[in-house]
Structure formats: C-alpha cells, structure tokens
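The values are calculated or read from the model by the stated rules, or taken from the named source; none is laboratory data. Computed from a predicted structure; not experimentally measured. Cβ atoms come from the backbone with ideal geometry, glycine included; neighbour counts cover every protein chain shown.
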Amino acid sequence: MKHFEQLAIIGPTASGKTALSISLAKQRDAIILSLDSLAIYREIDIVSAKPTVKEREGIPHYGIDHLHPNEPFDVTTFINLYKEVCQECTATEKNLVIVGGTSFYLKMLLEGVSELPPLSIEQQAEVGLQMQNSKAVYEKLAKLDPKYMRQIEHGDTYRIQKAMEIYLATGQTPGIYFAANPPKPVIEEPLPIYEILWPRDALRKRIRLRTKQMLQQGLIDEVIALEKKYTRSPNCMKAIGIKETLAYLDGIYDKAMLEEKIAVNTGRLAKRQETFNRSQFKEVIRGELGEIEKMLLQ
C-alpha cells in the first residue's frame, strides 16, 4: 500500500484557504484536515466561515463539526485528529491537505508536545480546589520555577493548571519535567507549507465583504441560538463575531457598529496570524493567492 502525500496551506482569515484546499483535494484525491479553533464546533457555521456540505463537494473533512460548543479541546485534540486522518489516508490510499486556519496547531504537529503525567482522582480534586485561586497557584509555581513561569501570562489559567498538575503528579517543577520529557514531532517527514499572502488593504476589503455576507446569512440568529442552548460560558462564545453580536444583543452596538466591530477585530486577527506565520514557519513557499493556485493546481 503506497504512502500518502501531504502538504499544508496557511494564511490569514479570509485569504482563500478553504476554496483552494477543496480544489486541491479534488485534483489530488485527498482528504482535508482543518486546523481551526471555531470550525471544529458543530452549530458554529456562519461565524466560523466553514464550508457548507455542498461546498465540500464530497471531500471528507476532519476537524470540522467534531465537537459541541460546550466541549473543551486543546492541541492534543488536533494531534489525535491528525493520527486518525493518517490512518484513513493509508487505508483508502488518499492524500492529505492540511489547512491551517489556526496555524498554531500546525506548529504543534511539527514540533510535538510532551506527554503529560496521569493524575489520580484525588490529585484531580486537589488541582480543582487549588485552581479556585489561580493567582495563588501562579505565585507558588513562580517561586518554585521562576524561569518556566515567566513564559506564562498571569491570566492563562489553562497553562497554570497544567503546570500545577505536573507538579502534583511528579513532584517536579514543570521546567525539570519538560527537560526530561521533551516533545516529539507528530509530523516527522518534511511537510511542504504554502502561505497565502494578501496586500493589507485588499485583505481588509475581503474581510469587510465576508462580514457583510455573514450578517446577511443569519449570523445574529446563529448567535442567539448558540446563547440559548449553551449560554455565554463556553470559550468559543468569546470568539470574534460571537462576542460582538452578543454586545449588539445587549444594546451596546447598533447593527452598523456591529458590522464595523467584527470587521475591525477580524482585521486585527489577520494581522496577528500573519505575524505568527512569518515568525514561526521559516521554510515556507509564500505568494499571493493566484500565485499559489498556479503552483498547486497544475
């Protein structure tokens, strides 16, 4: 059975990754793995700009509609999805197109993550109890392991909790534990990465157009339904497009301001994505959408 070929497409939001990935998957008989922190949820369809079932054109997609909005996930979710899709590619002799909407997860696939130690039920309860005062946990760990904890923001409760779990489970500080348990890359073979670039003004126009289309497609009704079913508690309810719509529903914005806020915040997100991609991925083939299409769709 032949080994499958794989490549990745990254780029800022609204850059054209999704349509290109579907065209490429059709041409190369491939499965698509979406690395996106919103499209992974069911029922978050419009605000995530995920392709509809019709737009997917029969191409199997992993990483889309995988969880309910009240289910948490982390990078290990995408690592497990990658392993699952690799098995599928091998079994069906299909290739793989990875689309990095949230390209941090692609970086983690390439670099790997350290396996965390298991916790007993008693230790889990102890972590939950201590994390009721995450500030105190942070300060305790900062005294024990100042170098490691300087990498973590005071408000990053997820990473603070993971650091505390390591300390309780092993008796070792996180720095010592990770030095003894370095991460192992999940993708071990060379992976061609293509990044779509856009001039800043042109990308802003695309973002504004997509924002207008989202509102026309029923973004407000989608957010109303999500809040009714899941409340505002899940992390995904703080995502761009959702948080502004909730503010509109609270009467803070009118509809024109809602559209403006979503477009502006999405533009800022795109800028952060471009900065991240530029700093984290070195051996990348970069070009505007038309250039990347010519390279890939020959």
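Select from the range 195-244 the residues that are in contact (Cβ under 8 Å) with a residue 60 or more places away in the chain and among the acidic types (Asp, Glu) and write down the one among them that is surrounded by the most Cβ atoms within 10 Å (Cβ to Cβ). Top of the filtered list is GLU195. The residues listed here are GLU71, GLU88, GLU111, GLU115; of these, the one that is out of contact with any Phe, Trp or Tyr (no Cβ under 6 Å at 6 or more places or on another chain), closer than 23 Å to ARG272 by Cα and not basic (Lys, Arg) is GLU111. Considering the range 128-170, the qualifying helices (runs of 4 or more DSSP H), each wholly inside and each with 3 or more residues that are without any contact (Cβ under 8 Å) to a residue 24 or more places away in the chain, run over 134-144. Here ARG150 passes the criteria (1) surrounded by 14 or more Cβ atoms within 10 Å (Cβ to Cβ); (2) under 17 Å from TYR177 (Cβ atoms); (3) under 27 Å from the mean Cα position of the chain (by Cα) except the one numbered (1). For MET237, the requirement of being hydrophobic (A, V, I, L, M, F, W, C), closer than 14 Å to GLU43 by Cα and part of a helix (DSSP H, G or I) is met.
Condition test on VAL85, is it at pLDDT 95 or above, surrounded by 22 or more Cβ atoms within 10 Å (Cβ to Cβ), of a type in the set (A, V, I, L, M) and not in a helix (DSSP H, G or I)? For VAL85, the condition - at pLDDT 95 or above, surrounded by 22 or more Cβ atoms within 10 Å (Cβ to Cβ), of a type in the set (A, V, I, L, M) and not in a helix (DSSP H, G or I) - is not met.
Output yes when any residue across the range 101-121 is surrounded by fewer than 19 Cβ atoms within 10 Å (Cβ to Cβ), of a type in the set (Gly, Ala, Ser), out of contact with any His (no Cβ under 6 Å at 6 or more places or on another chain) and under 18 Å from LEU191 (Cβ atoms), and no when none is. Looking through the range 101-121, at least one residue is surrounded by fewer than 19 Cβ atoms within 10 Å (Cβ to Cβ), of a type in the set (Gly, Ala, Ser), out of contact with any His (no Cβ under 6 Å at 6 or more places or on another chain) and under 18 Å from LEU191 (Cβ atoms).
In the range 171-188, the residue that is surrounded by the most Cβ atoms within 10 Å (Cβ to Cβ) out of those that are free of Cβ contacts under 8 Å to residues at least 24 places away in the same chain and in a loop (DSSP other than H, G, I, E, B) is GLN172. Of all residues in the range 7-33, those that are more than 16 Å from GLU88 (Cα to Cα) have Cβ atoms under 6 Å from Cβ atoms of residues that are basic (Lys, Arg) and in a helix (DSSP H, G or I), 6 or more apart or on another chain, in ILE9/LYS17; GLY11/LYS17; ALA14/ARG206; ALA14/ARG210.
Tell me, yes or no, whether the range 172-194 has at least one residue that is within 22 Å of ARG272 (Cβ to Cβ) and touching a strand residue (DSSP E or B) at 6+ places or on another chain (Cβ under 7 Å). Within the range 172-194, one or more residues are within 22 Å of ARG272 (Cβ to Cβ) and touching a strand residue (DSSP E or B) at 6+ places or on another chain (Cβ under 7 Å).
Could you tell me whether the range 19-30 includes any residue that is in the same structural domain as ILE285 (by TED's automatic domain parsing) and assigned to a loop (DSSP other than H, G, I, E, B)? Yes: one or more hits. Looking at the range 241-298, the helices (runs of 4 or more DSSP H) lying wholly inside it that each contain 3 or more residues that are closer than 16 Å to MET214 by Cα, of a type in the set (Val, Ile, Thr) and in the same structural domain as GLY218 (by TED's automatic domain parsing) sit at 255-280. Screening the range 58-78 for residues that are aliphatic (A, V, I, L, M) and at pLDDT 95 or above and picking the one that is farthest from LEU297 (Cα to Cα) gives LEU67. Of everything listed in (1) under 24 Å from ASP36 (Cβ atoms); (2) of a type in the set (Lys, Arg); (3) not assigned by TED's automatic domain parsing to the domain that holds TYR41, the single unmet condition for LYS135 is (1).
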